[in-house]
Amino acid sequence: MRAAKIIPILSPEFQDLQQLFHALEQPYGLPEILRFNHAYQPIYQKLPPEEKRRAEEFIDTLIAGVERRELKARIFGVV
């Protein structure tokens, strides 16, 4: 049986994003969204696929926890 290749989540950019995300308080308001966007937008293209997938899980959590529905459109990556 072949072993699955597990890619560690180790990039400093992702670690910084993860730390910032876990410091944000719910419900997520505009200041929290802008802080996340400021960290996420410049690194998005540099992240390997697995880190992008995990970062997109942060976005899903932001969407689910916004204080006002109209703020969803302000999150980077949300169309």
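The values are calculated or read from the model by the stated rules, or taken from the named source; none is laboratory data. Note that the structure is a prediction, hence the values are computed from the model and not measured.
Laid out as a table, the results:
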read-out	value
Residue identified as over 14 Å from the mean Cα position of the chain (by Cα) and modelled with pLDDT of 95 or more among LEU10, LEU30	LEU30
Residue list for the stretch 44-79, filter: among the β-branched types (Val, Ile, Thr) and more than 22 Å from GLU25 (Cα to Cα)	VAL79
